1. Quickly work out the residue 65-to-residue 84 label distance, labels modelled 7 Å from Cα along the C-beta direction, and quote it in nm with one decimal.
2. Note down the nm distance, to one decimal, between modelled labels 7 Å out along Cα→Cβ at residue 112 and at residue 29.
3. On full extension of the chain, what length is gained from residue 132 through residue 91, given 0.36 nm per residue of separation minus the C-alpha to C-alpha distance?
4. Dividing the convex hull volume of the alpha carbon atoms of segment 13-141 by its residue count, what do you get in Å³ per residue?
5. For residue 139 and residue 8, what does the FRET efficiency come to when R0 = 25 Å and r is the distance between their Cβ atoms, rounded to the nearest 0.05?
């Protein structure tokens, strides 16, 4: 690798970690909005007095499911973009793992001060989803990428 390629790779990895953290914040806010929307829909469907018969765990699990699914998809997309840049699989797998742990810790810290913070490990679902999404992109064949047209010329 030339020095300019190494610098571009280093900047690409830094951007990957930063964009992953930003997407974690966006997904936390979206999960809270989905949870509140589900609660409002249940209030509309069952009435104002009957809505409290629904367990809060059901509303929270909708938020966790949305955050986990969104995290898996975004990590899959980001890692498949980095994979197109020519990064080695082992290096990319380690980078994706540590980024997933950072995103999970960041989600857990953000969820502590929200209505999702009543549980012991709210970031565990996000961490596992990020690991699953990223590792799927690391070990796939190049022809299996479902978004080949969305990849910019910078990643070829």
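Every read-out reported here was derived from the displayed coordinates using simple, explicitly stated rules and does not represent laboratory data. On a predicted model such as this, the values are computed, not experimentally measured, just so you know. With ideal geometry, Cβ positions are generated from the backbone for all residues, glycine too; neighbour counts draw on all protein chains shown.
1. 3.2 nm
2. With each label point 7 Å from Cα toward Cβ, the separation is 2.1 nm.
3. Result for the pair: 13.1 nm of gain on full extension.
4. Convex hull of Cα atoms, per residue: 96 Å³.
5. Here the calculated transfer efficiency is 0.60.
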